[in-house]
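Report on the structure given below.
Derivation of every value follows stated rules applied to the coordinates shown; laboratory data play no part. Computed from a prediction, not measured in an experiment: that's the story for all the values here. Cβ atoms come from the backbone with ideal geometry, glycine included; neighbour counts cover every protein chain shown.
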Amino acid sequence: MKAPDSDADDYADLTLKKIEDELVAYYKKELYAFLIEDVGMQILRPKIVGNLRGPVSRPKPGSNKLDAAKALLRLLKEADIVAGSFATGALFDLELSEIEHTSQNLFALLKPLVGEDVGSKDHSTPLTTKSARRTTTPVRSTPAPSPGDQTAMSSPYVSATEEVDSESADDSPRMTLGPSGAAMLRDRAERTKRATTSSTGSAKIAVADRKAHSPEKLESFFHRKS
């Protein structure tokens, strides 16, 4: 015969498991929406193939767009989210703050699902695992984009994608620009500034803070499931 305390413990475990499952479902739903709606994600057109992987590293603020783009692509790679074919120039047309905001929001959604890298400042245990080892989270594959939707373009910037694959975050090489290279970058900056000023806002899409794990959104999510 089971002791009353044993029944209470079993019930508590089942309740906790149900809450964890609902939280996982919530964060997955928010992640899918973010991959479709965020301005940076619309450029990168990422897709989830198989399972999410983790833990992931907290993105560090960069001093320029190239560093910020590399941090974003590295975060996608750590989670095993594959970036589609995209125009590099379109990514660099975003403001530095927009690229960093995309990275921060993506990290906030991945952290509860796969955990934060123990080497980062504030690591945590993911909802789907009890250890700090490399984990995977089952998710549905998102449909791959049509190859004809967008054609990759060449850019005077170094390919951020190639650098993420071939370099670590600690030993990134530094390039020294000659006079002609510096003039090219200044000319590009002036043209970008004029194009941005004349735009009615299409190139200045505000990156909305999704506040994916705010108490209000979680409460609303659970009320709908009740």
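What to note about this one:
- Residues with amide H under 5 Å from that of Arg53, placed H, sequence gap 5 or more: Asp80, Thr137
- The phi-based Karplus calculation (6.51 cos²θ - 1.76 cosθ + 1.60; θ = phi - 60°) puts the 3J(HN,Hα) values of segment 29-43 at 4, 5, 5, 4, 5, 5, 5, 8, 8, 5, 5, x, 5, 5, 7 Hz, whole numbers, x for Gly and Pro.
- Residues listed by number, segment 64-97, amide nitrogen under 13 Å from Lys47 label point at 7 Å toward C-beta: 81-86
- Nonlocal amide H pairs with Glu116, under 5 Å, H built at 1.01 Å: Val56, Ser124
- Relative packing of peptides 25-35, 70-80, 8-18 - highest average C-beta neighbours within 10 Å first: 70-80, 25-35, 8-18
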